[in-house]
Amino acid sequence: MADESIAPIFDSLDTASSRPVRTPKTAELVALRLRRMIVDGQLADGDRLPHEAELMEHFSVSRPTLREAVRVLESERLVEVRRGSRSGARVCVPGPEIVARPVSLLLELSGATVADVLVAREALEPHAARLLALTGSDAEFDELERMVDEDIPASYAADTLSAGSAAFHLRLVQMCGNATLALLAGMMHEIFERHVEAVTAEKNRRDHERYESNFLLLIRSCRRLIKLLRARDADAAYDHWQQHMTVSRGSLLLGHESTQVRDVLD
């Protein structure tokens, strides 16, 4: 009876979907085990993988199979292998940069504009501010305040305001406790920083007084956000940062409405 009930399902499968399921290679299974050890924290960033002999014995595999597994992890940028070194492979826990480049390339190929990126950031950061107001620690608020007191003014003094401003925006999202938001923010970080660098340099050349005024407005806005975060006023933090992002987008896009991502990254 059971065979009769499932027979129509198999009859309806096309030729491609009815092909035998591929059995993973032994090297892929070893790579899977090692990858899981990295994800679970059993192997931390900077740790050396055990010597080949130990791994071969542990997994009951040959040296070529083990080396193929390590190459899989190396291609994923989870380990770094220094050729000719006797120290073996070192674990490298990647950050958002591992996907930032491919995503940037896809944005370039799709003809995405900087406006697209700024609108996407505007959808992320106010939510991050709300989460941070609810879950952030005093130490995290202190770090943001230090960035406003030291890092952003230092970058302004060095005519690299974009670096300090972009770092504050990124750190805000990284602190909110949502790994997905932090990853998305990290993916857009370089595009945002490069565009801000080009725009602020242009504004500084044209009208230094307005450039300085914008810097002071940025500082006041960041201080206002931190005050709301410390007060645990999640709704007000969201509203304030949404307004900040909207005003910032208008300023950064003025005269650059059609600038494409590829123009920024070239």
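The values are calculated or read from the model by the stated rules, or taken from the named source; none is laboratory data. All figures in this text were calculated on a predicted structure; none of them were measured in a lab. Quick reminder, even Gly has a Cβ in these numbers, built from the backbone with ideal geometry, and neighbours come from all protein chains shown.
Before moving on, here are some points about what is shown:
- Residue selected from segment 30-68 under the condition assigned to a helix (DSSP H, G or I) and of a type in the set (Val, Ile, Thr), by the criterion surrounded by the fewest Cβ atoms within 10 Å (Cβ to Cβ): Val39
- Flag not set for Glu212, criterion: closer than 20 Å to Leu118 by Cβ, over 22 Å from the mean Cα position of the chain (by Cα) and either assigned by TED's automatic domain parsing to the domain that holds Ala133 or among the hydrophobic types (A, V, I, L, M, F, W, C) (or both).
- Scanning segment 95-111 for any residue that is at pLDDT below 90, assigned to a loop (DSSP other than H, G, I, E, B) and basic (Lys, Arg) turns up nothing.
- Residue in segment 91-113 that is in contact (Cβ under 8 Å) with a residue 24 or more places away in the chain and under 30 Å from Leu228 (Cα atoms) present: yes
- Check on Leu172, under 17 Å from Ile152 (Cα atoms), in contact with a Phe, Trp or Tyr (Cβ under 9 Å, 6 or more places away or on another chain) and of a type in the set (A, V, I, L, M, F, W, C): yes
- Segment 31-79, residues that are on the phi > 0 side of the Ramachandran plot and in contact with a helix residue (DSSP H, G or I) (Cβ under 7 Å, 6 or more places away or on another chain): Arg77
- Restricting segment 247-259 to residues that are in contact with a Leu (Cβ under 9 Å, 6 or more places away or on another chain) and either at pLDDT 90 or above or more than 18 Å from Leu105 (Cα to Cα) (or both) leaves a set whose member that is surrounded by the most Cβ atoms within 10 Å (Cβ to Cβ) is Ser248.
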